[in-house]
Amino acid sequence: MQTLPNRDPARAYDAIGASYDTQCLDYAAHLQDTLTKVTDMLPPESKVLDIGCGTGKPASFYFVSKAHEVVGLDISQKMVEVAREQVPEARFFQSDMTTFYPPDVGDYGAVVASHSLYYLTLGQLRTMIYRFSHWVKKGGIVLVGSSL
């Protein structure tokens, strides 16, 4: 797997901002099937960590609509601001995932990272997948992909 390191992904996503949702309609529709499968495997009212949550749609919004507790993380302040407006029931943090330490480590039913790892180096990618596996509870789900 190749990664495409980006020197400033926060700035790139800040520039996109609220228009991200309209630019990515196909992605949201495609991801819906995967989110449904994950939800079917989760116990009721599970905690879900959405890495690279963007505007909160589709993943954070979907999990909240299914009565799960959501924590979202994104490197872009603009994306986090939009996410807070669109999914006020979730908690959102602005941070680089490589330096982030989530609340409630080890208590997540799922960690979801879709379209959010491509700017990492191979070493960072390995580290993040290792961390994700420790952020979920035993038997939890780690879902990582660029086209889930």
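Descriptive notes on the structure:
- Note on region 106-118: residues that are in contact with a Lys or Arg (Cβ under 9 Å, 6 or more places away or on another chain) and surrounded by fewer than 21 Cβ atoms within 10 Å (Cβ to Cβ) amount to 2.
Rundown of residues vs (1) in contact with a strand residue (DSSP E or B) (Cβ under 7 Å, 6 or more places away or on another chain); (2) part of a helix (DSSP H, G or I); (3) free of Cβ contacts under 8 Å to residues at least 40 places away in the same chain; (4) not small (Gly, Ala, Ser), yes/no style:
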position	(1), (2), (3), (4)
Asp96	no, no, no, yes
Thr99	no, no, yes, yes
Asp104	yes, no, no, yes
Ser116	yes, no, no, no
Tyr119	no, no, no, yes
Leu125	no, yes, no, yes
His134	no, yes, yes, yes
Lys137	yes, no, yes, yes
Val142	yes, no, yes, yes
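- Qualifying residue in region 57-64 (condition: more than 22 Å from Val142 (Cβ to Cβ) and at pLDDT 95 or above): no
- Residue within region 76-88 that is more than 12 Å from the chain's Cα centre (by Cα), outside any helix (DSSP H, G or I) and at pLDDT 95 or above present: yes
- Under the condition of being under 10 Å from Val112 (Cβ atoms), of a type in the set (Gly, Ala, Ser) and in contact (Cβ under 8 Å) with a residue 24 or more places away in the chain, the residues counted in region 37-74 number 3.
- For region 39-60, residues that are surrounded by fewer than 22 Cβ atoms within 10 Å (Cβ to Cβ) and either hydrophobic (A, V, I, L, M, F, W, C) or not in a loop (DSSP other than H, G, I, E, B) (or both) total 4.
The values are calculated or read from the model by the stated rules, or taken from the named source; none is laboratory data. Everything quoted here is computed from the prediction, not taken from an experiment. Because the Cβ atoms are built from the backbone with ideal geometry, glycine has one as well, and the counts that use them run over all protein chains shown.
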